[in-house]
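Contents: one structure, followed by commentary.
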Amino acid sequence: MNKNTFAKHPPMGWNSYDYYDTTVNEAQVRQNAEYMAAHLKEYGWEYVVVDIEWYAHGAGSQRDRFQYIPFSQLEMDGYSRLLPDPERFPSSADGKGFAPLADYIHSLGLKFGIHIMRGVPRIAAHLHTPVCGCGVTADQIADPSSICGWNPDMYGVRNTPEGQAYYDSLLELYASWGVDFIKCDDICNTNLYPNNPFSGRHEIEMLAKAIQNCGRAITLSLSPGPALIDKAWYYEKYANMWRITDDFWDDWKLLKDMFHRCQLWQDHVSEGCWPDCDMLPLGKLGKGFGQERTTNFTPEEQKTMMTLWCIFGSPMMIGAELTLLDGQTLALLTNREVLHLLDARCKARQVRLDGNSAVWVSKDTETGAVYAALFRLGDEAGTVCADLDEILETADAAQKFDVPDALPVLHDLWTGEDCRAEGRTLTAQLPAHGCVLWELR
């Protein structure tokens, strides 16, 4: 099974979680979709993803005590399948589900996605509600020993034909709504079970099979991380993207650590298979958490994050409230030359990583263009150097500039400025946590 044709490019879009947490409503989703269509779509941003708890009544109403209210009322149909809460998503009333919202987002030329939790609703198991199409009830497919450590909504699903029938019915419903993207949680790393962090493995395969059976191209994203490097082959076979980190927030320590994670996963980036660095915590964040704020990342750190995500080839999901984006943040998200590095034909590797610096190289295998990113990871300004010949050798482009005294023009993809390399060592004076991204011309 291979779904690479579903995501030939790293998925790019907006996800409601970083700003709204569990509380996003239909009007807010529509507003963000409208902004994306007007200001971001032409640059490749296309997915609008409703994150966790869209089915929960009163989500966020006890945020001072619970992120996920224990055993709260969930909206559900007669076949054990969760539906949108009609109070927050009024167009879903009368069993319409997300179809009206998806139709609106599609009318803007965008794609629609949802977050789901692995498994079957616990309340469905307790009430013995039917599973569509197989003559059993939810309690017969539920595995009560398989739960999520941080969300109380679901039981795992047993690896049986009836369990597969449940996932098939779920994807049949999502396909009828027009869903284009599914972010499934508590499945990439079931970290409640340290001795078996891949305990949800069979449900990845069941979900992938259900997507194949539903007849609609639905991009599959797996969360949370960190993904297990020894299971890379499995993620690549059954999913389009998978989280290589736990939730990523606007903390320099987490960003610096991503250089290690990207190095670990760099050989597993390919068309349709995208190790996921998680969302971009830019702009305004945290309203649903009760602490709306501007990102804690400095401007230099924001540029470093964008550069790393792009040259590595990570999916790109904006976490901010789009309608509140300032001009500087919008410029970061709409630099065509930088975003080009996400193309599957651009192959990247980390050349060096130490406590104070990192160097990445990428080559466009179609045009032969070579790119170099130099990062200052230290807490003070300093010089970062990279050997030109090592960069060219790593990019399999040793024939470039191999004539004596032939040195490249360094085109800065962020500023648009050009300068001539002064020797076979590329040198950049960088601020703390800053970077430079060059095309070698």
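The values are calculated or read from the model by the stated rules, or taken from the named source; none is laboratory data. All figures in this text were calculated on a predicted structure; none of them were measured in a lab. Cβ placement follows ideal geometry from the backbone for every residue including glycine, while neighbour counts extend to all protein chains displayed.
What are the residues in the range 64-81 that are surrounded by fewer than 17 Cβ atoms within 10 Å (Cβ to Cβ) and of a type in the set (S, T, N, Q), if any?
Scanning the range 64-81 gives Gln67, Gln73.
Take the conditions in contact with a Ser or Thr (Cβ under 7 Å, 6 or more places away or on another chain), under 24 Å from Ala395 (Cα atoms) and of a type outside the set (Asp, Glu) and apply them to Trp265. Does it pass?
Answer is no for this residue.
Picking from Leu74, Leu108, Leu40, Leu83, which residue would you name as being in contact with a Gly (Cβ under 8 Å, 6 or more places away or on another chain), over 16 Å from Tyr20 (Cα atoms) and either assigned by TED's automatic domain parsing to the domain that holds Met154 or of a type outside the set (Val, Ile, Thr) (or both)?
Result: Leu83 is the single residue among Leu74, Leu108, Leu40, Leu83 that is in contact with a Gly (Cβ under 8 Å, 6 or more places away or on another chain), over 16 Å from Tyr20 (Cα atoms) and either assigned by TED's automatic domain parsing to the domain that holds Met154 or of a type outside the set (Val, Ile, Thr) (or both).
Quick one: which residue in Ala33, Ala59 is modelled with pLDDT of 95 or more, aliphatic (A, V, I, L, M), under 22 Å from the mean Cα position of the chain (by Cα) and not in a strand (DSSP E or B)?
Testing whether each residue is modelled with pLDDT of 95 or more, aliphatic (A, V, I, L, M), under 22 Å from the mean Cα position of the chain (by Cα) and not in a strand (DSSP E or B) leaves just Ala33.
Inside the range 18-30, can you point out the residues that are surrounded by fewer than 24 Cβ atoms within 10 Å (Cβ to Cβ) and either in a helix (DSSP H, G or I) or not assigned by TED's automatic domain parsing to the domain that holds Asn213 (or both)?
Matches in the range 18-30: Glu26, Ala27, Gln28, Arg30.
If we only count helices (runs of 4 or more DSSP H) wholly inside the range 281-350, which ones have 2 or more residues that are more than 18 Å from Lys253 (Cβ to Cβ), modelled with pLDDT of 95 or more and of a type in the set (S, T, N, Q)?
327-333
Determine whether Arg88 is crowded, with 20+ Cβ neighbours inside 10 Å, within 16 Å of Ile182 (Cβ to Cβ) and basic (Lys, Arg).
Judged against the criteria, Arg88 is not a match.
Suppose the filter is touching a residue at least 60 places away in the same chain (Cβ under 8 Å) and over 30 Å from Lys41 (Cα atoms); does Arg81 pass it?
Yes: the conditions hold for Arg81.
Pro152 - would you say it is touching a Phe, Trp or Tyr at 6+ places or on another chain (Cβ under 9 Å), in the same structural domain as Ala239 (by TED's automatic domain parsing) and under 19 Å from Asp77 (Cβ atoms)?
no
Can you name the residue in the range 373-416 that is among the acidic types (Asp, Glu) and more than 27 Å from Lys256 (Cβ to Cβ) and is also surrounded by the fewest Cβ atoms within 10 Å (Cβ to Cβ) among such residues?
That would be Asp405.
Among (1) in a helix (DSSP H, G or I); (2) touching a residue at least 40 places away in the same chain (Cβ under 8 Å); (3) within 23 Å of Gly119 (Cβ to Cβ), which single condition is Leu255 missing?
(3)
With under 18 Å from Val120 (Cα atoms), surrounded by fewer than 24 Cβ atoms within 10 Å (Cβ to Cβ), free of Cβ contacts under 8 Å to residues at least 40 places away in the same chain and not aliphatic (A, V, I, L, M) as the only criterion, which of Glu172, Glu236, Glu162 stands out?
After ruling out the rest, the residue left standing is Glu162.
Filter the range 267-277 down to residues that are buried (at least 17 other Cβ atoms within 10 Å of the Cβ) and touching a residue at least 40 places away in the same chain (Cβ under 8 Å) and give me whichever is farthest from Val351 (Cα to Cα).
The extreme case among them is Gly272.
Among the residues of the range 199-230, write down those that are in a loop (DSSP other than H, G, I, E, B), within 13 Å of Gly156 (Cα to Cα) and touching a Cys at 6+ places or on another chain (Cβ under 9 Å).
If the condition is that a residue be in a loop (DSSP other than H, G, I, E, B), within 13 Å of Gly156 (Cα to Cα) and touching a Cys at 6+ places or on another chain (Cβ under 9 Å), then Gly200 is the only one that fits.
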